[in-house]
Amino acid sequence: MQVSVESSAGLERTIRVEVPADTIEQEVQSRLKKVAKSAKVKGFRPGKVPEKIIRQQYGAEVRQDVLQEVLQSSYTEALSQEKFNPAGQPRIDTEVMGKGEGLVYKATFEVYPEFELQGLDGLALEQPIVAIEDTDIETMINNLRKQRAEWSEVDRSSADGDQISVDFEGTLNGEVFEGGSGEDMPVVLGSGQMLEDFEKNLYGLKASDTKEFDVNFPEDYPAEELAGQKAVFKITAKKVEEQVLPEITEEFIKAFGIESGVEADLRKDIRDNMERESSAKSKAQMKIQLLEQIHDANKIDVPSVMIDQEITSMQRDAMQRDGITDENQAPDPEGFREMAERRVRLSLLMTEVLSSQQVVLDQTRVTDRVDELCKPYPNAEEMRNLYLQNQKLLSQIQNAVLEEQLIDFLIGKASLIEKKVGFMELMES
């Protein structure tokens, strides 16, 4: 077999492979002899069929099988000989494949980039530091009370935080449009659940008040027939209600899983949860900074075949998220290209970090993660065994743990600049 590298541009490589006719003919002959031992041909006993007839009946099929196998094996051997690491399947262009002529073909493919990691020794991260204040606890308790709040009708004008129920009818160019009418629709003022032009006109109304006003639909409104249009709405207020928050009673506290029903225990549980959330959010923000810095320090080329695969994956995710089943309505792939290229580049960079820095999977952390996942189940031990015995489930956990270890390792190498922030500021950032 002869192998020659014909071109090398960027990550693309083209090799030309020549397999002699004798190599193929010998394999064809060997296969035909095996076929002859068991071939059933009318008029002949098994094993006694003349070679000429065997070749006539089975030769073309055997030759095709041999050519396919030789192509695959010779391609694999050529890659090993030239020390190429392809990033995807090759494009095969056959030049010669006739009987007695051997096999000559060109294989074009992309290889993984070779690079030396940069920037790991210069990482500098801003680390959010949160001190949970009593006011933060009060805010969270009020949020819990709002979750179980009731509405009480009032005889006054609607204000921020109130719930106002309205009948409404919208027209576009004098015609009522689909979805533009409704009855007894509740709107919580200040919640942002309606368009700003609509909601702002619901303030200061009492039951039975009527009003007419214009609403400008934004250019990017989901309903194309309304996007950028001005509609006229007529509304009638049906009732105004104010929110009534429940008292912090033993029953209220137990409803959130605090068996003691003691307020101090509820506050401690809230504080513990907020500390866990803020710690996770702080780490997530540092992870974003890490990936940004490593990405920007290593502007490596990435195989286009990997980018295309990632675009396809992102397209499918978007279709599933939006409930799209018609392939003809799939989002434009070009809209994903920039993000897909970034993801592929980061994947290659992180793989190199794992390899070069010899980050090894911590099996204890894997077991701890499995225990953590199974703890809420009544049959925790059974679930634990399921995770540990199911290789697909276990691999997902192992990958997640390994990623955490990698991020922890990189944070450990970085210079940390502490920045004090409030809990809500951090969570909303």
**Message:** Yes or no: the range 409-419 includes at least one residue that is within 27 Å of the chain's Cα centre (by Cα), of a type outside the set (G, A, S), in the same structural domain as L354 (by TED's automatic domain parsing) and more than 14 Å from M350 (Cα to Cα).
**Reply:** no
**Message:** Give me the strands (runs of 3 or more DSSP E) completely within the range 1-107, filtered to those with at least 2 residues that are under 30 Å from V302 (Cα atoms) and among the small types (G, A, S), ordered by residue number.
**Reply:** 2-9
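Restricting to the range 245-281, count the residues that are of a type in the set (S, T, Y) and in a helix (DSSP H, G or I).
So in the range 245-281, the residues of a type in the set (S, T, Y) come out as 249, 260, 278-279.
When the remaining residues are screened for being in a helix (DSSP H, G or I), the result is 278-279.
So the answer is 2.
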**Request:** State the number of residues belonging to the range 67-84 that are farther than 30 Å from K33 by Cα, surrounded by 12 or more Cβ atoms within 10 Å (Cβ to Cβ) and among the polar types (S, T, N, Q).
**Result:** 1
**Request:** Being in a strand (DSSP E or B) and either in contact with a Gly (Cβ under 7 Å, 6 or more places away or on another chain) or closer than 18 Å to F256 by Cβ (or both) is the filter here, so list the residues in the range 142-166 that pass it.
**Result:** E150
**Asked** What number goes with the only condition from (1) in contact with a Leu (Cβ under 7 Å, 6 or more places away or on another chain); (2) under 30 Å from Q293 (Cα atoms); (3) loosely packed, with under 12 Cβ neighbours inside 10 Å that L125 does not pass?
**Response** (3)
**Message:** What's the total number of residues in the range 209-243 that are of a type in the set (A, V, I, L, M) and assigned to a strand (DSSP E or B)?
**Reply:** 6
**Asked** Which residues, taken from the range 208-244, are touching a residue at least 60 places away in the same chain (Cβ under 8 Å) and of a type in the set (F, W, Y)?
**Response** F233
**Asked** Does at least one position in the range 228-248 carry a residue that is loosely packed, with under 14 Cβ neighbours inside 10 Å, touching a strand residue (DSSP E or B) at 6+ places or on another chain (Cβ under 7 Å), more than 30 Å from E169 (Cβ to Cβ) and not aromatic (F, W, Y)?
**Response** yes
**Asked** Regarding L67, is this residue more than 40 Å from the chain's Cα centre (by Cα), within 30 Å of Q309 (Cα to Cα) and outside the structural domain of V302 (by TED's automatic domain parsing)?
**Response** yes
**Message:** Here is a check on your reading of the model: is N328 out of contact with any His (no Cβ under 6 Å at 6 or more places or on another chain) and at pLDDT 95 or above?
**Reply:** no
**Prompt:** Name the residues in the range 191-207 that are modelled with pLDDT under 95 and outside any helix (DSSP H, G or I), would you?
**Reply:** S191, G192, Q193, M194, L195
**Fill in**
Within the range 29-66, restricting to residues that are buried (at least 18 other Cβ atoms within 10 Å of the Cβ) and within 17 Å of V104 (Cβ to Cβ), the one that is modelled with the highest pLDDT is V66
**Message:** Checking the conditions here, which among T139, T171 is surrounded by 12 or more Cβ atoms within 10 Å (Cβ to Cβ) and outside any strand (DSSP E or B)?
**Reply:** T139
**Message:** If the requirement is being surrounded by 14 or more Cβ atoms within 10 Å (Cβ to Cβ), part of a loop (DSSP other than H, G, I, E, B) and outside the structural domain of G88 (by TED's automatic domain parsing), which of these qualifies: I294, I307, I324?
**Reply:** I324
**Item:** Candidates I397, I411, I407 - the one that is touching a strand residue (DSSP E or B) at 6+ places or on another chain (Cβ under 8 Å) and in a helix (DSSP H, G or I)
**Value:** I411
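The values are calculated or read from the model by the stated rules, or taken from the named source; none is laboratory data. All values derive from a computational prediction rather than experimental measurement. Please note: Cβ atoms are built from the backbone with ideal geometry, for glycine as well, and neighbour counts cover all protein chains shown.
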